[in-house]
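What follows is a set of notes on a single structure, which appears directly below.
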Amino acid sequence: MRGSMISQIELDLNELPESEKKVAEYILANAKEVLHMTIHELATKAEASSAAVVRRSLGIEGFPALKIRLSAEVEYTPHVRYFDVESNETLIPSLINCCRTPY
């Protein structure tokens, strides 16, 4: 996986099995806390299995690597979110609204 790990998780979210999706959603909502968790703590908080955490980590060489990549993003870089433009929206108003929305 290259680029932003958080953005990659967001892009993959809707295609994940339910157990891995719970882990991914927890990571997105609690990235700083995940840095200090064990696999078992994350699984418990995400209401998933430890195996789901490991599977969610496999694209980046395991849970320790996930935490390292996550720490680099959470601590040192701003996160840019991506939003889809719906078929009934025009691009310019969508961009304006997106830029006005606080994260």
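The values are calculated or read from the model by the stated rules, or taken from the named source; none is laboratory data. Here the structure is a predicted model, which means the values were calculated and not measured. Quick note on the areas: whole protein, heavy atoms, side chains included, nothing else; ligands and nucleic acids left out. Shrake-Rupley method; radii C 1.70, N 1.55, O 1.52, S 1.80 Å.
Looking at the stretch 74-84, is at least one residue among the charged types (D, E, K, R), modelled with pLDDT under 90 and open to solvent by less than 50 Å² (accessible area, probe 1.4 Å)?
no
Each residue in the stretch 36-73 was checked for being open to solvent by 100 Å² or more (accessible area, probe 1.4 Å) and modelled with pLDDT of 70 or more, and 8 pass.
Taking the condition open to solvent by less than 100 Å² (accessible area, probe 1.4 Å), small (Gly, Ala, Ser) and at pLDDT below 85, does residue 4 pass? It is true that residue 4 is open to solvent by less than 100 Å² (accessible area, probe 1.4 Å), small (Gly, Ala, Ser) and at pLDDT below 85. Each residue in the stretch 23-35 was checked for being open to solvent by less than 70 Å² (accessible area, probe 1.4 Å) and either on the phi > 0 side of the Ramachandran plot or assigned to a helix (DSSP H, G or I) (or both), and 7 pass.
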